[in-house]
Amino acid sequence: MKRRLFSTLAVAPLLLGSLAACGGSDSGSAAAEGPIRIMSIGSFETPVFSTPQVETALRAKIADINANGGIDGREVVLKVCNDKFDPNEATSCAQRAVSDGMVAVVGGASPFSPQFLPVLEAAKIPLVAGSASSGAVELQSEVSFPVNAGAPGMSIGTGRLAAEAGPSTVVIASDNEGSQTGADLSIQGAESAGAKMTKITMKLGAPDVSATVARALQMKPDAIALQIVTEDALKVVKSLRQSGYKGALTAPGSLFPPASIEALGEFAEGVRMTSRVVPPTSTDIPQVKEFLDQMAAEDPEAQTDDLALNAWTGMYLLAEVLKGHEITDGASVISAFDAIEKPIELGTAPDYTGVPATPDSKSYPRVPRFATVGSAVKDGEIVRDGDFFNPLEL
């Protein structure tokens, strides 16, 4: 399926009436009777890191919402802005969200939220269910409404899982800022559980990982945690296993989507992960089954992974929050979130209760419940391994 760097989703029969109601303009606040316009900002298509499945997940959920009457009779229109793995492009995307009158930015996976969030803050446009790929800032901003602990929770949890294997651990990180931050959090998680963790840094996109692997193995670790992009993770895991390493491997769940597990084959067996949301193999959960059905309807070839399910969950949450509210701009969406009175059942993540008065962690004050969930590769599938847990607590 051909990918677009900037794309719009709408259901045609509803769109005609909506454009008539708003005069066909893409600027200014949304009229109360017009479409509810949202954006997603992320690295959707880049040479380094691409997440087209996030766009598919948002499209899939929005198609279902619109097919069932929209939100209080109003259709949802999505624009997707590719940050091209460039902080300047990410900032431009946020500026476009402001100029185009978007009422929210939903579910993207960008490492550059520190660059674009100030633009959204100034315009009072909320970020809903960001992946927190760039760390704590998405879990701290006054306009951010995360549904889970995001990348920080997974990274801390990755260190905790490594510590379970023994006191001597290593984390392999890329030389970019996001990976380095993730590695430091993994070290925090490991050391809080009594293990010593040493950081090894490798070049992002390195064609040959043998030197990195050799350096890690020289330390005779009980476990190796990974804080690298998916493409590099495939090379590192394969090299580790071919070098005879049989110890524990841990990683954030977003590193190993189903396609990567399949590509690794037997080398992936036993890899343990922590995720923002439950594994998409958790089909006993109604929302997961709904997600899979809608993804298949939208694009049968799309990847169904942690990032896609997080984005889908964000759109699911946004639709529930906005029901019964007059939505005209970003500030009205923020007011709707502030008005939440009872938990919203998500299924894929802990129930959403709104921004907590007393957060689990002062470092991540916007997270309703700072928790991650474990999974492991068994017989070629990612299988849930336990319940959600707070990686900051022993």
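Label the stretch 157-245 by shape, choosing from rounded, prolate and oblate, from the square roots a ≥ b ≥ c of the eigenvalues of the Cα gyration tensor; if a/c is under 1.5 it is rounded, and otherwise prolate applies when a/b is larger than b/c, oblate when it is not. Here the stretch 157-245 falls in the oblate category.
Answer with a single label: of (1) 1.17; (2) 0.97; (3) 1.03, which was calculated as Rg/Rh (Cα atoms, Kirkwood Rh) from the structure in view? The value matching this structure is (2). Take every Cα pair under 8 Å whose residues are at least 6 apart in sequence, average their separation, divide by the length of the chain, and the relative contact order is 18 percent.
Cβ-to-Cβ counts within 10 Å put F267, F370 in ascending order as F267, F370, the fewest first. Secondary structure note: in the chain, about 35% of the DSSP beta bridges are antiparallel. What separates the Cα centres of the stretch 281-311 and the stretch 60-100 is a distance of 19 Å. Spin-label model, K362/A331: points 7 Å from Cα along the beta carbon direction are separated by 3.2 nm.
Projecting the Cα atoms of Y364, I200, L117 onto the dipole axis of the chain, where Lys and Arg carry +1 and Asp and Glu carry -1 at the beta carbon, places I200 farthest toward the positive end. Overall form of the stretch 112-170: prolate. Here a/c, set by the Cα gyration tensor axes a ≥ b ≥ c, is 1.5 or more, and a/b is the larger of a/b and b/c. For the chain, the dipole from Cβ point charges (+1 on Lys and Arg, -1 on Asp and Glu) about the Cα centre works out to 800 debye, to the nearest 20. Computed from Cα atoms, the angle from the helix 87-99 axis to the main principal axis of the chain rounds to 20 degrees.
Of interest is the spacing of the C-alpha centroids, which for the stretch 315-394 and the stretch 156-187 amounts to 24 Å.
Ranking F291, F388 by Cβ neighbours within 10 Å, fewest first, what do you get?
Ranking F291, F388 by Cβ neighbours within 10 Å, fewest first, gives F388, F291.
The helix-based estimate of mean residue ellipticity at 222 nm for the chain, built from -39,500 (n - 2.57) per DSSP H run of four or more residues and divided by its residue count, is -12000 deg cm²/dmol to the nearest 500. Listing M219, M39 from fewest to most neighbouring C-beta atoms within 10 Å gives M219, M39.
Coordinate-derived values only; no laboratory data. If you're wondering where the values come from, they're calculated on a predicted model, not measured in any experiment. Cβ coordinates were reconstructed from backbone atoms using ideal geometry, including for glycine residues, and neighbour counts include every protein chain displayed.
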